[in-house]
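Only the coordinates and a few stated rules stand behind these numbers; no lab work does. Since the model is a prediction, treat every value here as computed from it, not as a measurement. With ideal geometry, Cβ positions are generated from the backbone for all residues, glycine too; neighbour counts draw on all protein chains shown.
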Amino acid sequence: ARAGTQTRILEEKGYQVISADVTPLFERCLTVDANDTMPFADGTFDVLWCSEVIEHLESPESVLGELRRVTRPGGRIVLTTPNSGMWLFRLLDAIGIPPAKLQHEGHLHFFSAQGIQSLAPDARVMGYFPYAGFKATLSSMGLIGWLSPTFVLCIDVPVGEMG
């Protein structure tokens with residue numbers, strides 16, 4: 001949730017939003033450590049958006065299970081995470097500068113296309129270019145893995161599934 005910018009944008013569009021962060025930076029944000037069991041009932045959320053978080057977590061697989069639990073059947077989970085396998089990271093890694101030296105020091109995981117597909121095989125994966133005034137979305141996994149600096153995962157929780 002960071003400073004609540006996206007929270008305010010969504011609320012202005014009429015959505016009811018519950019914001020959570022491990023270190024809340026605005027008054028209406030709940031303190032939640034995604035490494036722990038979440039303080040929400042099963043099926044609480046229609047849509048759960050988790051942006052640039054899973055790479056910081058001890059066990060992304062466990063957290064995905066918890067996200068599924070708190071998302072209602074028929075709901076959607078949207079996650080974003082850096083693509084550590086994009087061409088620039090591959091090039092720099094080849095000359096001895098791994099993604100761990102370039103990305104946020106709190107990153108515990110560095111996902112490539114193969115790693116992200118392994119983490120969430122049922123996710124629809126897209127690539128996103130949010131930089132330098134150029135915004136575009138990719139849907140071909142080959143192009144995403146090679147070109148996109150960011151993975152966007154959409155997981156539709158099947159009706160009848162809980163946790």
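For F40, what is the net charge nearby, where nearby means another residue's Cβ is under 14 Å from its Cβ and Lys, Arg count +1, Asp, Glu -1?
-2
How about the range 1-42: which chymotrypsin sites (Phe, Trp or Tyr not before Pro) there lie in a loop by DSSP and see at most 11 other Cβ atoms within 10 Å?
Those satisfying the criteria are Y15.
Quick one: Karplus J couplings for the range 116-126, per residue in order, coefficients 6.51, -1.76, 1.60, θ = phi - 60°, nearest Hz, x for Gly and Pro?
Per residue, the Karplus-derived 3J(HN,Hα) values read 6, 5, 5, 5, 9, x, 8, 7, 8, 9, 10 Hz.
Run the numbers for K13 and A100: contour at 0.36 nm per residue of separation, minus the present Cα-Cα distance, in nm.
So the extension gain works out to 27.6 nm.
Dividing the alpha-carbon Rg of the range 15-112 by 2.2 N^0.38 Å yields what?
1.24
Run the helix sum for the chain: -39,500 (n - 2.57) per DSSP H stretch of 4+ residues, divided by residue count, reported at 222 nm to the nearest 500 deg cm²/dmol.
-7000 deg cm²/dmol
Can you list residues from other chains, or at least 5 along the same chain, whose modelled amide H is less than 5 Å from the amide H of W49?
Distant-sequence amide H within range of W49: V78.
Roughly speaking, what is the centre-to-centre gap between the range 96-126 and the range 1-51 when only Cα atoms are used, to the nearest Å?
The two parts, judged by their Cα centres, are 23 Å apart.
Using modelled backbone amide H atoms (1.01 Å from N, in-plane), which distant-in-sequence or interchain residues come within less than 5 Å of G85's amide H?
HN-HN under 5 Å from G85: A113.
Using modelled backbone amide H atoms (1.01 Å from N, in-plane), which distant-in-sequence or interchain residues come within less than 5 Å of G75's amide H?
V157
Checking understanding here: applying a Kyte-Doolittle mean of at least 1.6 and a length along the axis of at least 20 Å (C-alpha), which whole DSSP H helices in the chain pass?
Helix filter hits for the chain: none.
Loop-only trypsin sites (Lys or Arg not before Pro) in the range 1-105, please: DSSP not H, G, I, E or B, and at most 15 other Cβ atoms within 10 Å.
Here the trypsin sites (Lys or Arg not before Pro) that fit, given the DSSP loop and packing criteria, are R2, K13, R28.
Between R90 and S51, with labels modelled 7 Å along Cα→Cβ, what's the label distance in nm to one decimal, could you check?
The modelled label-to-label distance comes out at 2.8 nm.
With no solvent and one equal point scatterer placed on each C-alpha of the range 34-89, evaluate the Debye formula and give log10 I(q)/I(0) for q = 0.14, 0.19, 0.31 Å⁻¹, two decimals.
Normalising to I(0) and taking log10 leaves -0.40, -0.67, -1.31.
Output wanted: per-residue J couplings in Hz (rounded whole) for the range 44-59, from phi through Karplus 6.51 cos²θ - 1.76 cosθ + 1.60, θ = phi - 60°, x for Gly and Pro.
5, 10, 6, 9, 10, 10, 10, 9, 6, 10, 4, 6, 8, 8, 4, 9
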